[in-house]
Amino acid sequence: MVRIILANPRGFCAGVNMAIETLDQALHLFGAPVYVYHEIVHNKHVVERFRAKGAIFVDSLGEVPAGATVVFSAHGVSPEIRRAAADRDLRVIDATCPLVTKVHTEAVRFARQGRTILLIGHEGHDEITGTMGEAPERMRLVQSVDEAATLGLDDEDHLAFLTQTTLSVDDANQIIERLRDRFPAVAAPPSEDICYATQNRQEAVRQLAREADVVLVLGSQNSSNSRRLAEIAGEMGVPAHLIDCASEIEPGWLAGVERVAITAGASAPEELVAECVAYLEARYGASVEDRRTRTEDMHFQLPVELRRALAARQHPAEPPVAPEPV
Ligand code: SF4
């Protein structure tokens, strides 16, 4: 009989929860359409659900009518985008994850110190585009150990490194090690940039993959942290499949399999996990074991602009008192 081992923690992180609630509340408060700069989180189902509710996802602020409401996604934006939004008089609600904002703040600080910033991450990812925009003239993207080994720099004495929040911890450490070998004085961020959710989900999948014949990761192909989960299991020699939903499961993956580990990236809704479990129970009579490797209690507040708008809705200003008739 097939046994399912469910990774815990899995799925939504505090940043994704906050971003999703932000967009829900913005639609409720201001009505459709609400524009969203980039996908609110990198998940096909989440994006489709919001599209059906009246969210319009754009890749350029030029697509947003002047004065409209725009939500910045969890991945953050560059200062240039903030300025463009102000120039177009848009009502901005910033759903950037605070852990991404932390990396932006570090970038600004290192740039002010006159350092070249070696940003470890994946070219083209929304988060990297936003972070690089904080100090474009000072940034150098480093995507691999090879790049770290061959990087040519004019000034090797004033360097710092930062990382994307959703990298593989092991891959990032190898790159950092190579950078430190070459540039011993390279400054590091005061605390780890790879976020708690990324680390916890990687730790869980690493433990569970040891016991599994196959690993299923719920998440979209453009979700960096989801891809890393499937890669980690694959690197351990366990077949791993990144899927958007249960209908993508191919029966051949489960032929002769006894133990299936299931996890989900930080942007994948729990109902997709439940649907997968239900499918395996119905088709293979699978039993389920929830395996907790860590407890999470992180929570992020809604963006300040939204909190103010909600407070104003709940406690509208007193109407001006009409003058007494004379
Ligand atoms: S994965 Fe990490 S950095 Fe990204 S939204 Fe979640 S908590 Fe924030």
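Using amide H atoms built in the peptide plane, which far-off residues or other-chain residues are under 5 Å from VAL71 H to H?
TYR35, VAL36, TYR37, ILE93
Name the most mobile residue of TYR35, TYR279, TYR196, meaning the one with the largest mean-square fluctuation, in a Gaussian network model of the chain with Cα contacts below 10 Å.
TYR279
Given R₀ = 35 Å, FRET efficiency for ARG210-HIS299 by Cβ-Cβ distance, to 0.05?
Calculated transfer efficiency: 0.65.
Compute the length gained on full extension between GLU275 and ARG91: take 0.36 nm times their separation in residues and subtract their Cα-Cα distance, giving the result in nm to one decimal.
62.5 nm
At a 10 angstrom cut-off on C-beta neighbours, averaged per residue, how do the peptides 21-30, 6-15 rank from highest to lowest?
Going from most to least packed, we get 6-15, 21-30.
Residues of segment 73-92 with amide nitrogen under 17 Å from the 7 Å Cα-to-Cβ point of ALA66?
Label zone hits: 83-92.
What distance in nm separates the two pseudo spin-label positions at VAL288 and GLU250, each 7 Å out from Cα along the beta-carbon direction?
2.6
Out of residues 5 or more away from PHE12 or on other chains, whose amide H comes under 5 Å of its own, with H placed 1.01 Å from N in the peptide plane?
ALA268, GLU270
With the dipole of the chain worked out from charges on the C-beta (+1 for Lys and Arg, -1 for Asp and Glu) around the Cα centre, which of VAL214, ALA309, PRO251 lies farthest toward the positive end?
ALA309
Expected output is a single nm value to one decimal: the length gained when fully extending between THR105 and GLU177, i.e. 0.36 nm times separation in residues minus the C-alpha distance. What is it?
23.6 nm
Out of residues 5 or more away from ALA240 or on other chains, whose amide H comes under 5 Å of its own, with H placed 1.01 Å from N in the peptide plane?
Amide H to amide H, under 5 Å and 5 or more residues apart or across chains, ALA240 pairs with VAL215.
Quick one, can you get me the convex hull of the C-alpha atoms of the chain expressed as volume per residue in Å³?
Cα convex hull per residue, to the nearest whole number: 176 Å³.
Mind checking the dipole of segment 99-182: about its Cα centre, +1 per Lys or Arg Cβ, -1 per Asp or Glu Cβ, Debye to the nearest 20?
340
Please state the equivalent ellipsoid semi-axes for segment 99-182: what are the square roots of 5 times the Cα gyration tensor eigenvalues, largest first, in whole Å?
Computed over segment 99-182, the values are 18, 16, 11 Å.
Explain nothing, just the number: dipole magnitude of the chain about its Cα centre with +1 on each Lys and Arg Cβ and -1 on each Asp and Glu Cβ, in debye rounded to the nearest 20.
That gives the chain a dipole magnitude of about 460 debye.
May I ask you to compute the full-extension gain from GLN221 to ASP155, defined as 0.36 nm times their residue separation minus their alpha-carbon distance, rounded to one decimal in nm? Please list the in-between numbers first.
Values: separation 66, 0.36 × 66 = 23.76 nm, distance 3.75 nm.
Length difference between fully extended and current span is 20.0 nm.
Mean-square fluctuation check for the chain, GNM, Cα pairs under 10 Å: which of VAL16, VAL47, VAL205 is largest?
Greatest mean-square fluctuation among the candidates belongs to VAL47.
At a temperature of 37 °C and a viscosity of 0.692 mPa s, determine how fast segment 32-105 diffuses translationally according to Stokes-Einstein, using the Kirkwood radius over alpha-carbon pairs as Rh; express D in µm²/s, rounded to the nearest whole number.
Estimated via Stokes-Einstein, D reaches 263 µm²/s.
Each value in this text was obtained by applying a stated rule to the coordinates, not by laboratory testing. Here the structure is a predicted model, which means the values were calculated and not measured. Neighbour counts run over all protein chains shown; Cβ positions are idealised from the backbone, glycine included.
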